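See below for the structure under consideration.
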Amino acid sequence: MEQRPVILSGIQPSGRLTIGHYTGALRNWVSLQQSHECYFMIADLHAITVRQDPAELRQRTLETAALFLACGIDPQQSVLFVQSHVPEHTQLSWVLACLTGMGECSRMTQFKEKSAQHRHNVNVGLFAYPILMAADILLYQADLVPVGADQKQHLELTRNLAERFNHYYGTTFRVPEPYIPPLGAKIMSLQEPRKKMSKSDPNENAVLFLTDSPEAIRRKIRRAVTDSGREVRYDEQNRPGLSNLMVLYHIATGKSIADIEQEFAGAGYAELKAALTEALIEFLRPIREEFERLQRDSGYLLSLLAHGAERARARAQQTLRLVYDRMGFLPQAPYVEGVRIAMEDSSHADL
Ligand code: ATP
Ligand code: LTN
(Lines give C-alpha, C1' and ligand atoms only; values in the text may rest on other atoms or scores of the structure.)
(Ligands and ions follow the chains in the order given, each with its own letter.)
Protein backbone atom coordinates (compact mmCIF):
# COMPACT_ATOMS: atom_id res chain seq x y z
CA MET A 1 0.00 0.00 0.00
CA GLU A 2 1.20 3.49 -0.81
CA GLN A 3 2.50 5.36 2.26
CA ARG A 4 0.75 8.66 2.83
CA PRO A 5 2.66 11.58 4.39
CA VAL A 6 2.14 11.79 8.14
CA ILE A 7 0.50 14.62 10.10
CA LEU A 8 0.54 15.24 13.82
CA SER A 9 -1.10 18.14 15.59
CA GLY A 10 -2.68 18.92 18.93
CA ILE A 11 -4.85 21.27 20.96
CA GLN A 12 -4.76 21.71 24.73
CA PRO A 13 -7.94 20.98 26.70
CA SER A 14 -7.40 24.16 28.67
CA GLY A 15 -10.74 25.78 27.89
CA ARG A 16 -13.58 25.89 25.38
CA LEU A 17 -12.41 25.88 21.77
CA THR A 18 -12.84 29.05 19.73
CA ILE A 19 -13.33 29.91 16.08
CA GLY A 20 -9.54 30.59 16.15
CA HIS A 21 -8.85 26.91 16.85
CA TYR A 22 -11.10 26.05 13.97
CA THR A 23 -9.43 28.32 11.40
CA GLY A 24 -5.85 27.91 12.62
CA ALA A 25 -5.98 24.18 13.20
CA LEU A 26 -9.14 22.04 12.95
CA ARG A 27 -10.32 23.23 9.55
CA ASN A 28 -6.98 22.29 8.02
CA TRP A 29 -6.86 18.98 9.84
CA VAL A 30 -10.19 18.10 8.26
CA SER A 31 -9.11 19.10 4.78
CA LEU A 32 -5.82 17.19 5.01
CA GLN A 33 -7.09 13.98 6.59
CA GLN A 34 -7.93 12.19 3.34
CA SER A 35 -4.54 12.65 1.78
CA HIS A 36 -2.44 12.08 4.94
CA GLU A 37 -2.02 9.59 7.74
CA CYS A 38 -3.20 11.77 10.65
CA TYR A 39 -2.63 11.73 14.39
CA PHE A 40 -4.70 14.31 16.27
CA MET A 41 -3.97 14.73 19.91
CA ILE A 42 -5.55 16.34 22.96
CA ALA A 43 -2.50 17.85 24.67
CA ASP A 44 -3.44 17.38 28.32
CA LEU A 45 0.19 17.22 29.49
CA HIS A 46 0.77 20.64 27.97
CA ALA A 47 -2.37 21.99 29.65
CA ILE A 48 -0.99 21.44 33.17
CA THR A 49 1.81 23.97 32.61
CA VAL A 50 -0.81 26.34 33.98
CA ARG A 51 -2.93 25.31 36.97
CA GLN A 52 -5.97 23.20 36.01
CA ASP A 53 -8.86 22.06 38.14
CA PRO A 54 -8.76 18.21 37.90
CA ALA A 55 -12.51 17.68 37.42
CA GLU A 56 -12.64 20.42 34.84
CA LEU A 57 -9.61 19.09 32.97
CA ARG A 58 -11.23 15.65 32.73
CA GLN A 59 -14.44 17.17 31.39
CA ARG A 60 -12.64 19.49 28.94
CA THR A 61 -10.65 16.57 27.58
CA LEU A 62 -13.83 14.73 26.60
CA GLU A 63 -15.41 17.94 25.32
CA THR A 64 -12.38 18.57 23.12
CA ALA A 65 -12.65 15.08 21.66
CA ALA A 66 -16.35 15.69 20.94
CA LEU A 67 -15.52 18.98 19.21
CA PHE A 68 -12.82 17.40 17.05
CA LEU A 69 -15.45 14.99 15.76
CA ALA A 70 -18.17 17.65 15.47
CA CYS A 71 -15.82 19.75 13.30
CA GLY A 72 -15.35 16.84 10.91
CA ILE A 73 -12.47 14.70 12.13
CA ASP A 74 -13.31 11.22 10.92
CA PRO A 75 -12.17 8.53 13.39
CA GLN A 76 -12.19 5.94 10.58
CA GLN A 77 -9.50 7.91 8.80
CA SER A 78 -7.58 9.64 11.56
CA VAL A 79 -6.17 8.59 14.89
CA LEU A 80 -7.62 10.62 17.75
CA PHE A 81 -5.93 10.26 21.13
CA VAL A 82 -5.04 11.82 24.48
CA GLN A 83 -1.38 12.73 25.00
CA SER A 84 -1.13 11.31 28.56
CA HIS A 85 -2.34 7.90 27.29
CA VAL A 86 0.90 7.49 25.35
CA PRO A 87 3.81 7.54 27.84
CA GLU A 88 6.43 7.71 25.06
CA HIS A 89 5.75 11.48 24.78
CA THR A 90 7.29 12.21 28.18
CA GLN A 91 10.03 9.67 27.62
CA LEU A 92 11.22 11.25 24.39
CA SER A 93 10.79 14.68 25.90
CA TRP A 94 13.51 13.92 28.49
CA VAL A 95 15.95 12.79 25.80
CA LEU A 96 15.32 15.96 23.78
CA ALA A 97 15.60 18.13 26.92
CA CYS A 98 19.18 16.91 27.22
CA LEU A 99 19.86 18.26 23.73
CA THR A 100 18.22 21.67 24.24
CA GLY A 101 20.00 24.79 25.41
CA MET A 102 18.46 26.88 28.20
CA GLY A 103 18.65 29.90 25.90
CA GLU A 104 16.60 28.16 23.22
CA CYS A 105 13.66 27.78 25.61
CA SER A 106 13.95 31.14 27.31
CA ARG A 107 13.71 33.02 24.03
CA MET A 108 10.34 31.48 23.09
CA THR A 109 7.67 34.16 22.78
CA GLN A 110 4.98 31.94 24.28
CA PHE A 111 7.15 31.31 27.35
CA LYS A 112 7.75 35.03 27.81
CA GLU A 113 4.03 35.80 27.45
CA LYS A 114 2.80 32.99 29.67
CA SER A 115 5.35 33.63 32.39
CA ALA A 116 4.25 37.26 32.49
CA GLN A 117 0.60 36.14 32.58
CA HIS A 118 1.13 33.53 35.32
CA ARG A 119 3.74 35.35 37.38
CA HIS A 120 3.11 33.23 40.48
CA ASN A 121 3.53 29.93 38.70
CA VAL A 122 6.49 30.14 36.35
CA ASN A 123 7.27 26.43 36.52
CA VAL A 124 9.86 24.26 34.78
CA GLY A 125 7.09 22.64 32.72
CA LEU A 126 6.17 25.99 31.20
CA PHE A 127 9.82 26.48 30.30
CA ALA A 128 10.19 23.00 28.77
CA TYR A 129 6.78 23.17 27.00
CA PRO A 130 8.26 23.38 23.46
CA ILE A 131 10.50 20.36 24.10
CA LEU A 132 7.45 18.23 24.89
CA MET A 133 5.84 19.60 21.74
CA ALA A 134 8.91 18.59 19.72
CA ALA A 135 8.65 15.09 21.23
CA ASP A 136 4.96 14.90 20.23
CA ILE A 137 5.83 15.63 16.63
CA LEU A 138 9.06 13.68 16.22
CA LEU A 139 7.67 10.50 17.84
CA TYR A 140 5.28 10.10 14.91
CA GLN A 141 7.87 10.94 12.26
CA ALA A 142 5.46 13.64 11.10
CA ASP A 143 6.03 15.30 7.72
CA LEU A 144 3.56 18.12 8.30
CA VAL A 145 2.22 19.96 11.35
CA PRO A 146 -0.89 22.10 10.75
CA VAL A 147 -0.97 24.89 13.35
CA GLY A 148 -1.79 28.58 13.79
CA ALA A 149 0.87 31.26 13.27
CA ASP A 150 1.72 31.48 16.99
CA GLN A 151 3.25 27.99 16.90
CA LYS A 152 5.78 28.73 14.15
CA GLN A 153 8.62 29.34 16.60
CA HIS A 154 7.97 26.02 18.37
CA LEU A 155 8.10 24.27 15.01
CA GLU A 156 11.48 25.84 14.29
CA LEU A 157 12.83 24.48 17.57
CA THR A 158 11.40 21.06 16.69
CA ARG A 159 13.22 21.11 13.35
CA ASN A 160 16.46 22.18 15.01
CA LEU A 161 16.23 19.39 17.58
CA ALA A 162 15.52 16.79 14.89
CA GLU A 163 18.51 17.95 12.87
CA ARG A 164 20.75 18.07 15.95
CA PHE A 165 19.81 14.54 16.99
CA ASN A 166 20.29 13.25 13.44
CA HIS A 167 23.68 14.92 13.31
CA TYR A 168 24.95 13.41 16.58
CA TYR A 169 23.38 9.97 16.45
CA GLY A 170 22.62 9.26 12.79
CA THR A 171 19.44 9.87 10.83
CA THR A 172 16.56 9.02 13.14
CA PHE A 173 13.88 11.69 12.80
CA ARG A 174 12.02 13.15 9.86
CA VAL A 175 12.37 16.92 9.89
CA PRO A 176 8.76 18.24 9.86
CA GLU A 177 7.33 21.22 7.98
CA PRO A 178 4.76 23.58 9.51
CA TYR A 179 1.47 24.05 7.68
CA ILE A 180 0.17 27.54 8.44
CA PRO A 181 -2.93 28.60 6.48
CA PRO A 182 -2.63 31.73 4.30
CA LEU A 183 -5.80 33.23 5.83
CA GLY A 184 -7.01 32.79 9.41
CA ALA A 185 -3.68 31.70 10.91
CA LYS A 186 -4.29 34.23 13.65
CA ILE A 187 -7.87 35.16 14.48
CA MET A 188 -7.89 38.28 16.61
CA SER A 189 -9.86 39.21 19.73
CA LEU A 190 -13.26 40.77 18.93
CA GLN A 191 -12.59 43.44 21.56
CA GLU A 192 -8.88 44.13 21.07
CA PRO A 193 -8.17 43.29 17.43
CA ARG A 194 -4.40 43.59 17.81
CA LYS A 195 -4.42 40.68 20.28
CA LYS A 196 -4.90 36.97 19.45
CA MET A 197 -8.35 35.57 20.27
CA SER A 198 -7.66 33.34 23.25
CA LYS A 199 -9.86 30.83 25.04
CA SER A 200 -8.65 32.09 28.39
CA ASP A 201 -9.60 35.75 27.79
CA PRO A 202 -11.65 36.88 30.82
CA ASN A 203 -13.80 39.09 28.56
CA GLU A 204 -16.37 36.69 27.01
CA ASN A 205 -17.33 39.23 24.36
CA ALA A 206 -13.83 39.04 22.90
CA VAL A 207 -14.06 35.34 22.10
CA LEU A 208 -16.30 33.40 19.73
CA PHE A 209 -16.64 29.84 20.99
CA LEU A 210 -17.49 27.05 18.59
CA THR A 211 -20.42 26.13 20.84
CA ASP A 212 -21.88 29.64 21.17
CA SER A 213 -25.66 29.99 20.86
CA PRO A 214 -27.17 32.22 18.13
CA GLU A 215 -27.94 34.84 20.81
CA ALA A 216 -24.32 34.89 21.97
CA ILE A 217 -23.07 35.17 18.37
CA ARG A 218 -25.45 38.09 17.71
CA ARG A 219 -24.30 39.91 20.83
CA LYS A 220 -20.57 39.37 20.25
CA ILE A 221 -20.58 40.45 16.60
CA ARG A 222 -22.75 43.49 17.38
CA ARG A 223 -20.24 44.57 20.03
CA ALA A 224 -17.13 43.65 18.02
CA VAL A 225 -14.68 46.55 17.81
CA THR A 226 -14.13 47.90 14.29
CA ASP A 227 -11.87 50.66 13.09
CA SER A 228 -12.61 54.16 11.96
CA GLY A 229 -13.57 54.35 8.31
CA ARG A 230 -16.59 53.12 6.40
CA GLU A 231 -15.43 51.20 3.40
CA VAL A 232 -15.24 47.39 3.61
CA ARG A 233 -11.66 46.92 2.41
CA TYR A 234 -9.19 44.36 3.75
CA ASP A 235 -6.20 46.01 5.48
CA GLU A 236 -4.70 43.97 8.30
CA GLN A 237 -2.20 46.65 9.31
CA ASN A 238 -4.46 49.66 9.56
CA ARG A 239 -7.87 48.08 10.04
CA PRO A 240 -7.31 44.92 12.06
CA GLY A 241 -10.83 44.83 13.52
CA LEU A 242 -12.58 45.03 10.16
CA SER A 243 -10.10 42.64 8.51
CA ASN A 244 -10.67 40.08 11.26
CA LEU A 245 -14.42 40.18 10.63
CA MET A 246 -13.79 39.75 6.90
CA VAL A 247 -11.69 36.65 7.58
CA LEU A 248 -14.48 35.25 9.73
CA TYR A 249 -16.94 35.91 6.91
CA HIS A 250 -14.60 34.13 4.52
CA ILE A 251 -14.45 31.12 6.88
CA ALA A 252 -18.22 30.98 7.34
CA THR A 253 -19.15 31.42 3.65
CA GLY A 254 -16.13 30.23 1.66
CA LYS A 255 -16.16 33.55 -0.28
CA SER A 256 -12.79 35.07 -1.21
CA ILE A 257 -11.68 38.39 0.28
CA ALA A 258 -11.98 40.04 -3.17
CA ASP A 259 -15.58 38.78 -3.51
CA ILE A 260 -16.40 40.04 -0.02
CA GLU A 261 -15.06 43.50 -0.87
CA GLN A 262 -17.23 43.49 -3.94
CA GLU A 263 -20.31 42.25 -2.10
CA PHE A 264 -20.09 45.20 0.33
CA ALA A 265 -18.95 47.87 -2.14
CA GLY A 266 -21.01 50.95 -1.34
CA ALA A 267 -22.26 49.42 1.91
CA GLY A 268 -20.74 49.85 5.40
CA TYR A 269 -19.61 47.93 8.46
CA ALA A 270 -23.18 47.51 9.73
CA GLU A 271 -24.15 45.52 6.63
CA LEU A 272 -21.06 43.34 6.96
CA LYS A 273 -21.79 42.68 10.62
CA ALA A 274 -25.40 41.72 9.86
CA ALA A 275 -24.42 39.31 7.10
CA LEU A 276 -21.57 37.89 9.18
CA THR A 277 -23.88 37.22 12.13
CA GLU A 278 -26.30 35.19 10.03
CA ALA A 279 -23.47 33.34 8.26
CA LEU A 280 -21.80 32.41 11.55
CA ILE A 281 -25.05 31.22 13.10
CA GLU A 282 -25.68 28.89 10.15
CA PHE A 283 -22.05 27.79 9.97
CA LEU A 284 -21.75 26.94 13.66
CA ARG A 285 -25.21 25.39 14.07
CA PRO A 286 -24.35 21.86 12.82
CA ILE A 287 -21.08 21.87 14.80
CA ARG A 288 -22.93 22.78 18.01
CA GLU A 289 -25.70 20.25 17.41
CA GLU A 290 -23.29 17.41 16.69
CA PHE A 291 -21.21 18.40 19.71
CA GLU A 292 -24.27 18.25 21.96
CA ARG A 293 -25.23 14.84 20.60
CA LEU A 294 -21.71 13.44 21.11
CA GLN A 295 -21.46 14.91 24.59
CA ARG A 296 -24.28 12.64 25.71
CA ASP A 297 -22.29 9.57 24.65
CA SER A 298 -19.15 9.61 26.77
CA GLY A 299 -18.89 5.79 26.50
CA TYR A 300 -18.41 6.12 22.75
CA LEU A 301 -15.85 8.91 23.14
CA LEU A 302 -13.88 6.95 25.75
CA SER A 303 -13.70 3.83 23.61
CA LEU A 304 -12.66 5.86 20.58
CA LEU A 305 -9.84 7.45 22.59
CA ALA A 306 -8.74 4.06 23.94
CA HIS A 307 -8.50 2.69 20.41
CA GLY A 308 -6.70 5.85 19.26
CA ALA A 309 -4.13 5.58 22.04
CA GLU A 310 -3.38 2.00 21.06
CA ARG A 311 -2.80 2.94 17.43
CA ALA A 312 -0.75 6.01 18.35
CA ARG A 313 1.35 4.03 20.79
CA ALA A 314 2.24 1.41 18.21
CA ARG A 315 3.88 4.09 16.09
CA ALA A 316 5.40 6.03 19.00
CA GLN A 317 7.05 2.92 20.44
CA GLN A 318 8.92 2.21 17.21
CA THR A 319 10.52 5.65 17.23
CA LEU A 320 11.36 5.59 20.93
CA ARG A 321 13.03 2.17 20.63
CA LEU A 322 15.17 3.46 17.81
CA VAL A 323 16.08 6.60 19.79
CA TYR A 324 17.07 4.63 22.91
CA ASP A 325 19.20 2.34 20.81
CA ARG A 326 20.91 5.27 19.03
CA MET A 327 21.60 6.95 22.39
CA GLY A 328 23.38 3.83 23.65
CA PHE A 329 20.88 2.75 26.30
CA LEU A 330 21.43 -0.89 27.24
CA PRO A 331 18.58 -2.97 25.83
CA GLN A 332 16.51 -4.76 28.43
CA ALA A 333 16.93 -8.54 27.98
CA PRO A 334 13.78 -10.58 28.61
CA TYR A 335 13.62 -11.94 32.14
CA VAL A 336 13.63 -15.73 32.17
CA GLU A 337 12.19 -17.60 35.16
CA GLY A 338 14.71 -19.90 36.86
CA VAL A 339 17.81 -17.97 35.81
CA ARG A 340 19.64 -16.91 38.95
CA ILE A 341 20.35 -13.23 39.19
CA ALA A 342 23.34 -11.81 41.00
CA MET A 343 21.30 -10.45 43.92
CA GLU A 344 20.01 -13.89 44.92
CA ASP A 345 23.56 -15.13 45.34
CA SER A 346 24.74 -12.25 47.44
CA SER A 347 24.79 -12.21 51.22
CA HIS A 348 22.39 -9.21 51.13
CA ALA A 349 19.70 -11.19 49.34
CA ASP A 350 17.21 -11.03 52.19
CA LEU A 351 17.66 -7.37 53.01
P1 ATP B 1 -4.17 28.94 25.49
O2 ATP B 1 -5.07 27.92 26.14
O3 ATP B 1 -2.92 29.13 26.22
O4 ATP B 1 -4.86 30.19 25.06
P5 ATP B 1 -4.05 28.23 22.73
O6 ATP B 1 -5.52 28.26 22.65
O7 ATP B 1 -3.24 29.18 21.93
O8 ATP B 1 -3.61 28.27 24.22
P9 ATP B 1 -4.02 25.49 21.93
O10 ATP B 1 -5.36 25.26 22.49
O11 ATP B 1 -3.08 24.42 22.20
O12 ATP B 1 -3.42 26.83 22.45
O13 ATP B 1 -4.09 25.84 20.37
C14 ATP B 1 -4.17 24.83 19.44
C15 ATP B 1 -4.10 25.28 18.02
O16 ATP B 1 -5.03 26.31 17.71
C17 ATP B 1 -2.72 25.83 17.64
O18 ATP B 1 -2.39 25.35 16.36
C19 ATP B 1 -2.94 27.31 17.63
O20 ATP B 1 -2.04 27.96 16.77
C21 ATP B 1 -4.36 27.40 17.11
N22 ATP B 1 -4.99 28.65 17.56
C23 ATP B 1 -5.31 29.00 18.83
N24 ATP B 1 -5.85 30.23 18.86
C25 ATP B 1 -5.87 30.68 17.57
C26 ATP B 1 -6.29 31.90 16.94
N27 ATP B 1 -6.80 32.90 17.64
N28 ATP B 1 -6.15 32.00 15.60
C29 ATP B 1 -5.64 30.99 14.87
N30 ATP B 1 -5.21 29.83 15.39
C31 ATP B 1 -5.32 29.66 16.74
N1 LTN C 1 1.56 23.96 21.73
C2 LTN C 1 0.43 23.80 20.87
C3 LTN C 1 -0.37 22.58 21.17
C4 LTN C 1 0.44 21.38 20.84
C5 LTN C 1 0.81 20.95 19.53
C6 LTN C 1 1.60 19.78 19.75
C7 LTN C 1 0.57 21.42 18.25
C8 LTN C 1 0.99 20.51 21.73
N9 LTN C 1 1.68 19.54 21.06
C10 LTN C 1 2.16 19.11 18.66
C11 LTN C 1 1.14 20.72 17.17
C12 LTN C 1 1.93 19.60 17.40
C13 LTN C 1 -0.42 25.05 20.98
O14 LTN C 1 -1.04 25.36 20.05
N15 LTN C 1 -0.47 25.74 22.05
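The values are calculated or read from the model by the stated rules, or taken from the named source; none is laboratory data. Please read all numbers here as calculations on a predicted model, not as lab measurements. Note that each Cβ is placed from the backbone with ideal geometry, even for glycine, and that neighbours are counted across all protein chains shown. Just so you know, the surface numbers come from the protein's heavy atoms only, side chains and all, with ligands and any DNA or RNA stripped out. Shrake-Rupley method; radii C 1.70, N 1.55, O 1.52, S 1.80 Å.
Can you list the equivalent-ellipsoid semi-axes of the range 32-170, largest first and in whole Å, using the square root of 5 times each Cα gyration tensor eigenvalue?
24, 21, 13
Under the rule a/c < 1.5 gives rounded, and otherwise a/b versus b/c splits prolate from oblate, where does the range 4-103 land using the Cα gyration tensor?
Because a/c hits 1.5 or more and a/b fails to exceed b/c, the range 4-103 counts as oblate.
Taking K and R as +1 and D and E as -1, what net charge do the other residues with C-beta under 9 Å from the C-beta of residue 150 add up to?
Around residue 150, the surrounding residues sum to +3.
Three principal axis extents, largest first, for the C-alpha atoms of the chain, in Å?
91, 48, 45
For the chain, give me the percentage of DSSP beta bridges that are antiparallel, rounded to the nearest 5 percent.
10 percent
Round to a whole angstrom and tell me the spacing of the C-alpha centers of the range 301-323 and the range 137-182.
19 Å
Residue 204: accessible area at probe 1.4 Å, nearest 10 Å²?
The accessible area comes out at roughly 90 Å².
Would you kindly find the accessible area of residue 313, with a 1.4 Å probe and non-protein molecules such as ligands, DNA and RNA excluded, rounding to the nearest 10 Å²?
Answer for residue 313: close to 90 Å² accessible.
Please calculate the 1.4 Å probe accessible area of residue 21, with all protein chains present, and give it to the nearest 10 Å².
Around 40 Å² of this residue is reachable by solvent.
Using only the heavy atoms of the protein chains and a 1.4 Å probe, how would 327, 41, 102 rank by accessible area, largest first?
The residues order as 102, 327, 41, largest area first.
For helix 214-223, what angle does its Cα long axis make with the longest principal axis of the chain, in degrees from 0 to 90 and rounded to 10?
Tilt of helix 214-223: around 70 degrees.
On a 1.4 Å probe surface of the protein chains, which of 114, 220 comes out largest in accessible area, and what is the full order?
Listed by decreasing accessible area, they come as 114, 220.
Enter the angle in degrees (range 0 to 90, nearest 10) between the Cα long axis of helix 88-97 and the first principal axis of the Cα atoms of the chain, meaning the one along which they spread out most.
The angle comes out at about 90 degrees.
When the chain is treated as a GNM, springs tying every alpha-carbon pair under 10 Å, which of 137, 187, 260 comes out with the largest mean-square fluctuation?
Of 137, 187, 260, the most mobile in the Gaussian network model is 260.
Net charge near residue 265: determine it from the other residues with C-beta under 10 Å of the C-beta of residue 265, scoring Lys and Arg +1 and Asp and Glu -1.
Charge balance in the 10 Å sphere: -2.
What is the distance, in nm, between label points placed 7 Å from the Cα along the Cα-to-Cβ direction at residue 34 and at residue 297?
For the pair residue 34/residue 297, the computed spacing is 2.3 nm.
Measure out, as a whole number of angstrom, how far apart the alpha-carbon centroids of the range 277-299 and the range 209-269 sit.
Their Cα centres are 22 Å away from one another.
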